[in-house]
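Participant: Have a look at this one before I ask anything.
The values are calculated or read from the model by the stated rules, or taken from the named source; none is laboratory data. Predicted, not measured: the structure shown is a model, and the values here were computed from it. We place every Cβ from the backbone using ideal geometry, glycine too, and count neighbours over all the protein chains shown.
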Amino acid sequence: MKKRIDLTGRQFGDLMVISKADSKEKGRFWNARCTCGKEMVVRQSDLKNQRITSCGHEENKATVVAAPKAKVEKKKATPASGSTGYVGVKQVELKSGTRYKANISVQGKNKHLGTFDTLEEAIAVRKEAEALYR
Ligand SMILES: [Zn+2]
């Protein structure tokens with residue numbers, strides 16, 4: 001008497017064998033459930049040879065996985081906000097209106113020179129500071 005292999009509960013790749021399938025075809029077939037939830041009938045030899053290890057959803061899965069990778073992170077194309085075109089002078093928007101902040105880098109440290117109502121003032125102070133710290 002031939003020993004019958006019971007594959008119930010066995011896992012073959014993404015396929016989990018649920019039960020033996022009835023088939024008029026030659027060979028032994030098993031009902032298997034894929035990790036994606038799809039159920040299918042698989043020939044026993046295909047399972048054992050690992051010719052079939054999923055319902056075939058892998059291609060779909062691959063495209064889904066690839067999609068987020070293709071998504072390019074938005075580049076911060078916004079121009080440096082507050083840029084006045086003058087080094088060390090930054091435009092700032094306050095509730096009271098637009099102000100201009102002047103800064104200067106002294107020995108690697110950022111020194112705040114003040115906040116001014118006009119760009120001209122800020123530039124003037126920045127220039128003074130440049131002369132002072134040079
Ligand atoms: Zn599947």
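Participant: Output the residues belonging to region 21-40 that are of a type in the set (Gly, Ala, Ser) and closer than 22 Å to Arg4 by Cβ.
Facilitator: Ala21, Ser23, Gly27, Ala32
Participant: While we're looking at this one, here's another question. Looking at region 79-134, which of its residues are aromatic (Phe, Trp, Tyr) and out of contact with any helix residue (DSSP H, G or I) (no Cβ under 9 Å at 6 or more places or on another chain)?
Facilitator: Tyr133
Participant: Return yes when Lys95 is over 30 Å from Arg33 (Cβ atoms), within 40 Å of the chain's Cα centre (by Cα), at pLDDT below 85 and loosely packed, with under 12 Cβ neighbours inside 10 Å and no when it is not.
Facilitator: Values: over 30 Å from Arg33 (Cβ atoms): yes; within 40 Å of the chain's Cα centre (by Cα): yes; at pLDDT below 85: no; loosely packed, with under 12 Cβ neighbours inside 10 Å: yes.
Here the answer is no, as Lys95 does not meet what is asked.
Participant: Within region 16-57, which residues are surrounded by 13 or more Cβ atoms within 10 Å (Cβ to Cβ) and under 29 Å from the mean Cα position of the chain (by Cα)?
Facilitator: Correct list: Cys34, Thr35, Cys36, Lys38, Thr53, Ser54, Cys55, Gly56, His57.
Participant: Suppose the filter is modelled with pLDDT of 80 or more and within 12 Å of the ligand (Cβ to nearest atom); does Thr84 pass it? Break it down into steps so the answer makes sense when it comes.
Facilitator: On the way: modelled with pLDDT of 80 or more: yes; within 12 Å of the ligand (Cβ to nearest atom): no.
So Thr84 fails the test.
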